[in-house]
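The values are calculated or read from the model by the stated rules, or taken from the named source; none is laboratory data. Please read these numbers as outputs of a predicted model, since none were measured by experiment. With ideal geometry, Cβ positions are generated from the backbone for all residues, glycine too; neighbour counts draw on all protein chains shown.
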Amino acid sequence: MSNHSNRPRSWVSLADKWLIRKQRFRLAIVNMIVLTIIWIGLSFFVYLLLVDYTDHSIDRRLMTMAGQVITQDLTGTIGIEIPEFHFGNNDLLISIWNLIPQPQWIQGNTMTQDLQTKLANMASSLKSNTSFQNVTIDGTNFRVLEIKLLANPTRVLQVSEDVGPIMTVVNDLLGLLLAAGLLGVILTIVGGYSLGLWTLRPLMAARKREQELVTDISHELRTPLSVMSTHLELLLRHVEEPLSDHLNWVEAIYSENRRMAHLVEDLLEMARIEAGEQFIKAAPVDLTEICQEVAAVFEPVITEKGLAFRGDIPDVGYVFGDSMRLRQLLFILLDNAQKYTNQGEIHLLASKANNFVDLTVADTGIGIPSDLLSRVTERFVRGDSARTRTKSTGLGLAIAKRIVAAHQGKLSIQSEVNKGTSITIRLKIYDPVNDKMR
């Protein structure tokens, strides 16, 4: 295999970039619509709340003023104490009307004829003893309090206040809120588009992994398919010859077929892990026993290759995990060690460190280049040509990393080219007596 899978990957294609921009714009528009609805609703709520508060404040002032200007003696004679307010220069107007036989102005501030006519009509149409109304007279907004005098029900007191300046302030506040909302909408579009990249980053990463997986699988399958196709063509050209004369071609086809089968099995394993399926069935596991069993399986394989095998496996106790997955983990590490070691030895070491147990597989093999050390647990990363010549699928350490993560452990790798590699797995010790982690 070439170093295809070890080269840095491009982040996204042009089509994906266009799709990302489109999605970022959509997110910005959605944020804008949501913020606009919220801000308009909030602005009008504040506006209505302020108007209601203002009306109540004005009403209290009008009632207070009415109480101050009305005096009543025992005989029912009414006297009105009215300062000399002039319409247009003051906010307060006071007037007394006699309703029988027709509304007749008795006493009050000087006012225009149009204003007097309007107030007279209001006084004549008063039904209840007390009434508040908002009216516009000569372009001026007034809040008017009308009170029937109890001592003489045919008379009505009107106290009016020019609320124009107050409503101007309230309306200006509404305009300010809407302007701030407009600015917020603009900033939301800009910010939403900018932050959209951050929001879409997990999706972009998933898309990148998907593209890389398709590329890697295509590359991994291309070589065995090419080999099988070539040897099948050779067999077809020699159909008249005995098959036994060309067993090497058949063996090559069989070998590549097995390699493809292993690749598919490993890919399915990775897919199950990344899909979040139940990966481990945790229970107390005697780690010493597992190490001894795996060592017994691999020792003849390693010595058959002309390598020395050394196993230091003292009693390290229990861990809480999946015995099948832990065996698979050690199989991966020892299999990698024997594949990439041509001379020297392979060492399996188990040791305790405080409340943890360390499993170390060390070899004197070809090692891993420093520039690949941080990525060697990714899919299909195998390093230089010496490593790619093996019949590995390039998924072993990727699966091992996920097994360790599922056991809440830690995987660390130390390696030097042409000197060897040491991989250590740290797992938390489990106390089966007290049924808890130490």
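Being under 17 Å from Met65 (Cβ atoms), assigned to a helix (DSSP H, G or I) and in contact with a helix residue (DSSP H, G or I) (Cβ under 8 Å, 6 or more places away or on another chain) is a condition met by at least one residue of region 146-168.
This table checks each residue for (1) surrounded by 16 or more Cβ atoms within 10 Å (Cβ to Cβ); (2) in the same structural domain as Tyr53 (by TED's automatic domain parsing); (3) modelled with pLDDT under 80.
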{"site": "Leu126", "(1), (2), (3)": "yes, yes, no"}
{"site": "Leu157", "(1), (2), (3)": "yes, yes, no"}
{"site": "Ile166", "(1), (2), (3)": "yes, yes, no"}
{"site": "Asp172", "(1), (2), (3)": "no, yes, no"}
{"site": "Val214", "(1), (2), (3)": "no, no, yes"}
{"site": "Ser229", "(1), (2), (3)": "no, no, no"}
{"site": "Glu233", "(1), (2), (3)": "no, no, no"}
{"site": "Arg237", "(1), (2), (3)": "no, no, no"}
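Listed conditions (1) within 30 Å of Arg207 (Cβ to Cβ); (2) surrounded by 13 or more Cβ atoms within 10 Å (Cβ to Cβ) are all met by Val34, apart from (2).
The C-beta contact set for region 166-192 (first residue farther than 13 Å from Thr36 by Cα, second residue among the small types (Gly, Ala, Ser) and assigned to a helix (DSSP H, G or I), distance under 6 angstrom, 6+ apart or interchain) comprises Gly192/Ala28.
Taking the numbered list (1) out of contact with any strand residue (DSSP E or B) (no Cβ under 9 Å at 6 or more places or on another chain); (2) aromatic (Phe, Trp, Tyr); (3) assigned to a strand (DSSP E or B) in turn, Tyr254 passes all entries but (3).
Please enumerate the residues belonging to region 333-364 that are touching a residue at least 60 places away in the same chain (Cβ under 8 Å) and among the hydroxyl-bearing types (Ser, Thr, Tyr). It would help to see each step written out before you state the result.
Kept after step one, since they are touching a residue at least 60 places away in the same chain (Cβ under 8 Å), are these residues of region 333-364: 333, 335-337, 340-341, 344, 350, 352-353, 355-362.
Matches in region 333-364: Tyr340, Thr341, Thr360.
When restricted to residues that are touching a Leu at 6+ places or on another chain (Cβ under 6 Å) and over 23 Å from Gly394 (Cβ atoms), region 346-368 contains 2. Picking from residues in region 124-134 that are touching a residue at least 24 places away in the same chain (Cβ under 8 Å) and within 25 Å of Ile166 (Cα to Cα), the one that is farthest from the chain's Cα centre (by Cα) is Phe132. Taking the listed residues Asp52, Asp16, the one that is modelled with pLDDT of 85 or more, acidic (Asp, Glu) and surrounded by fewer than 16 Cβ atoms within 10 Å (Cβ to Cβ) is Asp52, with no other qualifying.
Residue check: Asp138 meets all listed conditions (1) modelled with pLDDT under 80; (2) surrounded by 14 or more Cβ atoms within 10 Å (Cβ to Cβ); (3) charged (D, E, K, R) but one, namely (2).
Being in contact with a strand residue (DSSP E or B) (Cβ under 8 Å, 6 or more places away or on another chain) and not polar (S, T, N, Q) is true of Gly344.
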